[in-house]
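A short worksheet on the structure shown next.
The values are calculated or read from the model by the stated rules, or taken from the named source; none is laboratory data. Treat the numbers as computed from the prediction; the structure is a model and nothing was measured. Virtual Cβ from ideal backbone geometry, glycine too; neighbours counted across all protein chains shown.
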Ligand SMILES: [Zn+2]
């Protein structure tokens, strides 16, 4: 398991493992006694969200649902996004959102917490806050949908690839362009440029490369299908001629 202490984490998929949690002292206050508010689209709802957070989360989950439904994926029966006052925490690093496949819980830090904790290394430091917040909800919703469609915890890199594609594909073009250009010059990306190592050390670059790779494919849904069937390897490979 990698250590994530030196940079801020935008979003994480976890699978019932200890280490990624809402910071309890804040989270209790946010969601205690709060009612479950359904999104306009059936299936998703929020707990502890302000009106604006509810709107943005619902837009994000709806965008992810529509995007993956266009590739034939079904949405979970019902998923609740709980908003916590403080930042979430994942392996000692702050996280803005997370989906726990073990419990089926989707957690979001509050918009205010994400904004006040933003750094140049996360999406809030690189785009308008509402667009960033909506994109985190879309990313986490994608994890929930992929889990409901049988993606296994061991396929976590493929899971992050698809969630990144959903996150960037569903954000406004101006936000996407800003995020891409903050990481690299836009160009076609080869699959071997996307790996668990890149994710560990430069998660936003991982997301940007995933989107650029995906957007250059002839049949993106077919590629998502091969990930679901566990026929794609994202393990970092040795360069030709590399020896030890
Ligand atoms: Zn993720």
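Among the residues of the stretch 70-93, are any more than 16 Å from the ligand (Cβ to nearest atom), touching a residue at least 12 places away in the same chain (Cβ under 8 Å), buried (at least 23 other Cβ atoms within 10 Å of the Cβ) and under 22 Å from residue 175 (Cα atoms)?
Scanning the stretch 70-93, I find no residue that is more than 16 Å from the ligand (Cβ to nearest atom), touching a residue at least 12 places away in the same chain (Cβ under 8 Å), buried (at least 23 other Cβ atoms within 10 Å of the Cβ) and under 22 Å from residue 175 (Cα atoms), so the answer is no.
One residue is enough: does the stretch 114-122 have a residue meeting the conditions in contact (Cβ under 8 Å) with a residue 24 or more places away in the chain, within 16 Å of the ligand (Cβ to nearest atom), closer than 20 Å to residue 165 by Cβ and surrounded by 22 or more Cβ atoms within 10 Å (Cβ to Cβ)?
Yes, the stretch 114-122 has at least one match.
Which of the following residues is under 22 Å from residue 110 (Cβ atoms) and assigned to a helix (DSSP H, G or I): 163, 178?
Being under 22 Å from residue 110 (Cβ atoms) and assigned to a helix (DSSP H, G or I) holds for just one of 163, 178, which is 163.
Only strands (runs of 3 or more DSSP E) wholly contained in the stretch 66-141 count here; list those with 2 or more residues that are modelled with pLDDT of 90 or more.
Strands (runs of 3 or more DSSP E) meeting the threshold: 79-84, 97-100, 105-109.
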